[in-house]
Amino acid sequence: MTEKNVIPFQGTPEQEAQLKEVIARYHDQPGGLMPALQEAQGIYGYLPVEVQRMIADGMNVSLSEVFGVATFYSQFSLTPKGKHRISVCLGTACYVKGSDKILEAVEAKLGIKSGECTPDGMFSIDSCRCVGACGLAPVMLVDDDVYGKLKPEQVAGIIDSYTE
Amino acid sequence: MTIEELNKIKAAKADIVKVRTIIAEEGEKLSKVTGYRKQVLVCGGTGCQSSHSMEVLEALNAELAAKGIADEILVVRTGCFGLCSLGPIVIVYPEGTFYAQATPEGIKRIVDEHLIEGKICTDLLYQETVHDDGSIISLSETNFYKKQMRIALRNCGVIDPEDIEEYIATDGYQALYKVLTSMTPDEVCQVVLDSGLRGRGGAGFPTGRKWMFTKDAPGEVKYVACNADEGDPGAFMDRSILEGDPHAVIEAMIIASYAVGSHQGYVYVRAEYPVAVHRLRIALDQARKYGLLGKNILGSGHDFDIEIRLGAGAFVCGEETALLTSIEGHRGEPRPRPPFPAVKGLFGKPTLLNNVETYANIAQIIRNGAEWYSAIGTEKSKGTKVFALGGKITNVGLVEVPMGTTLREIIEEIGGGIPDGKAFKAAQTGGPSGGCIPAEHIDTPIDYESLSALGSMMGSGGLIVMDEDNCMVDVSKFYLNFTADESCGKCTPCRVGTRKLLQLLEKITEGKGEPEDLKKIRDLATHMKSSSLCALGQSAPNPVLSTLQYFGDEYLAHINEKKCPSGVCKSLLHYEIIADKCKGCTLCARKCPVSAITGTVKEAHVIDTDKCIKCGVCIGNCKFGAIVRK
């Protein structure tokens, strides 16, 4: 990771209180680490090392185990996401209908690659496995809005509509 | 809850739901006794919700209220109807008329003209259901539906999945009562075994044997788990069942818990399926409230409850031991088998793990008997299979057919063929673990054995259709990319093997391939198949091997002639503007999504091939045929 991408941790006391409540709830539950991480990501938007350490201490597991789980699953993110999250579906049904070209158009428009966030924090791009809306292939999501039957030339206009 | 109460609910609601299956005159009579003149079903599956079906639903409710007829018309939000490409879908009963791609404006007309004046809006219907003379056929008589046989999907698109009473109305929880009051655990396992049902997660292991192993395993504490982590890209049948008929899965899990002697169940479901998770939660709460889940179920003394665990995006967690490791809160890595989960599974205890679609068949097998089920399908593959039909096919959607239906029937009749007059090239089944079936085998009856004989597999049931424009080398690279990314890394054959295979494929698609690469691919594939720890690594070479077998000439064209015959592999083709033909209209430059085309008005334009992503937008827009792909 390059230095400019490290964003300082800015957790609030309210968030910490919420996290403590989550830790207390899952502390004694068998297999509680994953749901605890999921809820922690819900609170902070991502899982910075500070949050992982609080979970490790609170749940009495090693930080390496928490890190191991957090990095294993694609849904967990160790870096913050943009204000608007774009995900392009790269499931097979979308891929055979050209979703790789949609992703390239998004990357070209924003000047970042999949998995990254724009410097102003407005947009982040992810490629996702399958939205399950195969009837609308190729599909792109911006936050919770679904854009289906997309053509590469429509991408720029859609992204612009979120900056206005 | 007692059986009397259950039957009371069933009697009260049965006719209301029945209207949706009996069409025309009889349905007309039936709708009079239900208190509702008409019923309007709006699809609330993820596919239709993505095309804004909830806005249609809101507009419908608002319009009915405005016209003062909200009491006469029952509005039901259902699960997936199956014909996802035509969403949002709205069906009106008792006529069974099928409105496709509905809009809030269209809904106003449907209320005014159809529901109030009784005149069907034929122009808004799915045109396949309208004859040339203007007469209408119901959805159940269309090519898409009439060849299907719906068992696992029986209630999807029929009932309101958020209303347990609608499930009860269609004989829901009757199988559970039968099991708890009149069958021993051994008898339950025997019925499942005799039915011939095999695991619908893909591997096809006899379900009844799995149940028996778990029942016979020593131990006081046992678990029943459901694999709803459908990670196969392009497969969405498990999601649709959870969204459309969650109680079918819950009822089956309770039956299983009685059969194997378990008191705690887990559903491991993908977090990327928010609608499915939401409906499952509602269904579990309702089942608890009605005394069908929890302590002393239906007064039998049997206790069982179910917890939801969310997956976090790891394909390998579809493998049974990896899934159980993930529920335990660890990295979802598989472990060697034996011991099998039936003996030593979740938290080291005997565990029964089945897939969503497998469970969706259970209650009906118990109610209708093993003979009924085993009469459907082929000799070794009984019953039906749900396929998620996607890719280059007219009717993208969810279909359920008896085992042994041919690929041609699915693609040409049910699927409506390949759009845009293109030629069928291959069907990919089984996702990253499967392979491609070429056009010459289109008449193969589909079952577990015939698919493996062709070098593919059933898998979860994703069926992606490809036409002449798809490059098979590119498709296998796509799958290898997926498996290399999703390999958990625990064993070397898979971790390194998938990478090496991917590198070889990348080399070929970039035009740097050499003839000996094909031998390297075959050698590597053989090693991976025999020495990987779990099915992910063992099956990862399948897409490459099957495309090599049937489309070897495409690989050779990439290697020897440095050409991609389908015009897909980017390094092997480029776009050019023929200066003589270019009028300088600037349309291509304006449409190019990456601004790779430059030029001044009325002068020939040029394409910067470094910037160009070869999406073909410029060719599609050029009115003068001035752009060529080479």
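The values are calculated or read from the model by the stated rules, or taken from the named source; none is laboratory data. The model shown is predicted, which means the values in this text are computed figures rather than measured ones. As a convention, Cβ positions derive from the backbone with ideal geometry for all residues, glycine included, and neighbour counts pool all protein chains shown. SASA here: full protein model, heavy atoms, side chains in, ligands and nucleic acids out. Shrake-Rupley method; radii C 1.70, N 1.55, O 1.52, S 1.80 Å.
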For this session: Restrict the check to the stretch B:366-384 and report whether at least one residue is part of a loop (DSSP other than H, G, I, E, B), away from chain A (no Cβ under 14 Å), open to solvent by less than 10 Å² (accessible area, probe 1.4 Å) and not charged (D, E, K, R).
Result: yes
Exercise. On the given criteria, is A:GLU21 at pLDDT 95 or above, out of contact with any Leu (no Cβ under 6 Å at 6 or more places or on another chain) and not hydrophobic (A, V, I, L, M, F, W, C)?
Worked result: yes
Exercise. Which condition breaks for B:VAL90 when tested against (1) under 23 Å from A:GLY148 (Cβ atoms); (2) open to solvent by 10 Å² or more (accessible area, probe 1.4 Å); (3) modelled with pLDDT of 95 or more; (4) not aromatic (Phe, Trp, Tyr)?
Worked result: (2)
Problem set entry | Residues satisfying the stated conditions in the stretch A:118-131, i.e. surrounded by 17 or more Cβ atoms within 10 Å (Cβ to Cβ) and more than 20 Å from B:ALA312 (Cβ to Cβ) | A:PHE123
Problem set entry | Output for the stretch B:294-311, where each listed residue is over 17 Å from B:HIS278 (Cα atoms) and surrounded by fewer than 20 Cβ atoms within 10 Å (Cβ to Cβ) | B:GLY294, B:LYS295, B:ASN296, B:GLY299, B:SER300, B:GLY301, B:HIS302, B:ASP303, B:ASP305
Exercise. For the stretch B:469-483, what are the residues that are open to solvent by 10 Å² or more (accessible area, probe 1.4 Å), assigned to a helix (DSSP H, G or I) and more than 17 Å from B:ILE559 (Cα to Cα)?
Worked result: B:PHE478, B:ASN481
Exercise. Restricting attention to the stretch B:125-136, and to residues there that are surrounded by 15 or more Cβ atoms within 10 Å (Cβ to Cβ) and within 27 Å of the chain's Cα centre (by Cα), which single residue is farthest from B:GLU409 (Cα to Cα)?
Worked result: B:LEU125
Problem set entry | Those residues of the stretch B:243-268 which are outside any helix (DSSP H, G or I), within 29 Å of B:GLY157 (Cα to Cα) and touching a residue at least 60 places away in the same chain (Cβ under 8 Å), in sequence order | B:ASP245, B:TYR266
Exercise. How many residues, within the stretch B:412-441, are of a type in the set (A, V, I, L, M, F, W, C) and either assigned to a strand (DSSP E or B) or closer than 30 Å to B:THR498 by Cβ (or both)?
Worked result: 6
For this session: Name the one entry in A:GLY68, A:GLY91 that is closer than 30 Å to B:GLN428 by Cα and either of a type in the set (A, V, I, L, M) or facing chain B (nearest Cβ under 7 Å) (or both).
Result: A:GLY91
Problem set entry | Residue that is farthest from B:LYS422 (Cα to Cα), among those in the stretch B:459-486 that are more than 8 Å from every other protein chain (Cβ to nearest Cβ) and among the small types (Gly, Ala, Ser) | B:ALA484
For this session: Would you mind finding the one in A:GLY45, A:GLY58, A:GLY32 that is surrounded by fewer than 20 Cβ atoms within 10 Å (Cβ to Cβ) and within 9 Å of chain B (Cβ to nearest Cβ)?
Result: A:GLY32
Exercise. Out of (1) away from chain A (no Cβ under 11 Å); (2) among the polar types (S, T, N, Q); (3) surrounded by 13 or more Cβ atoms within 10 Å (Cβ to Cβ), what's the single condition that is false for B:SER595?
Worked result: (1)
Seminar exercise, completed: By residue number, the members of the stretch B:225-262 that are among the small types (Gly, Ala, Ser), farther than 21 Å from B:ILE365 by Cβ and open to solvent by less than 10 Å² (accessible area, probe 1.4 Å) are B:GLY234, B:ALA235
Exercise. What number goes with the only condition from (1) open to solvent by 10 Å² or more (accessible area, probe 1.4 Å); (2) within 14 Å of chain A (Cβ to nearest Cβ) that B:LYS222 does not pass?
Worked result: (2)
Seminar exercise, completed: Among B:LEU284, B:LEU292, the single one that is modelled with pLDDT of 95 or more and assigned to a helix (DSSP H, G or I) is B:LEU284
For this session: Among the residues of the stretch B:225-241, write down those that are away from chain A (no Cβ under 11 Å) and in a helix (DSSP H, G or I).
Result: B:ILE241
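Listed here are the residues, each with its yes/no results for (1) open to solvent by 20 Å² or more (accessible area, probe 1.4 Å); (2) modelled with pLDDT of 95 or more.
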position: B:SER452; (1), (2): yes, no
position: B:GLY455; (1), (2): yes, no
position: B:GLY462; (1), (2): no, no
position: B:PRO493; (1), (2): yes, yes
position: B:THR498; (1), (2): no, yes
position: B:LYS507; (1), (2): yes, yes
position: B:GLU516; (1), (2): yes, yes
position: B:ASP523; (1), (2): yes, yes
Seminar exercise, completed: A:ALA93: passes all of (1) more than 22 Å from B:GLY397 (Cα to Cα); (2) touching a residue at least 24 places away in the same chain (Cβ under 8 Å); (3) open to solvent by less than 50 Å² (accessible area, probe 1.4 Å) but (1)
Problem set entry | Selection within the stretch B:533-563 - polar (S, T, N, Q) and open to solvent by less than 10 Å² (accessible area, probe 1.4 Å) | B:SER546, B:THR547
Seminar exercise, completed: Being farther than 20 Å from B:SER460 by Cα and among the β-branched types (Val, Ile, Thr) narrows B:THR207, B:THR214 down to just B:THR214
Problem set entry | Count of the stretch B:410-432 residues which are open to solvent by 20 Å² or more (accessible area, probe 1.4 Å), under 17 Å from B:LEU83 (Cβ atoms) and away from chain A (no Cβ under 14 Å) | 2
Exercise. Can you pull out the residues in the stretch B:67-87 that are more than 14 Å from chain A (Cβ to nearest Cβ), open to solvent by 10 Å² or more (accessible area, probe 1.4 Å) and either in a strand (DSSP E or B) or within 23 Å of B:ILE410 (Cα to Cα) (or both)?
Worked result: B:LEU74, B:VAL75, B:ARG77
Exercise. Would you pick out the residues in the stretch B:335-365 that are under 19 Å from the mean Cα position of the chain (by Cα) and within 14 Å of another protein chain (Cβ to nearest Cβ)?
Worked result: B:VAL356
Exercise. Quick one: which of A:GLU21, A:GLU39 is more than 29 Å from A:SER127 (Cβ to Cβ) and part of a helix (DSSP H, G or I)?
Worked result: A:GLU21
Exercise. Restricting attention to the stretch A:100-139, which residues are in a strand (DSSP E or B), more than 8 Å from every other protein chain (Cβ to nearest Cβ) and either more than 22 Å from B:PRO432 (Cα to Cα) or hydrophobic (A, V, I, L, M, F, W, C) (or both)?
Worked result: A:CYS117, A:PHE123, A:SER124, A:ILE125
Exercise. Of all residues in the stretch B:340-362, which are open to solvent by 10 Å² or more (accessible area, probe 1.4 Å), in contact (Cβ under 8 Å) with a residue 60 or more places away in the chain and assigned to a helix (DSSP H, G or I)?
Worked result: B:PHE347
Seminar exercise, completed: Out of (1) closer than 21 Å to B:LEU153 by Cβ; (2) open to solvent by 10 Å² or more (accessible area, probe 1.4 Å); (3) free of Cβ contacts under 8 Å to residues at least 60 places away in the same chain, the one B:LEU57 does not meet is (1)
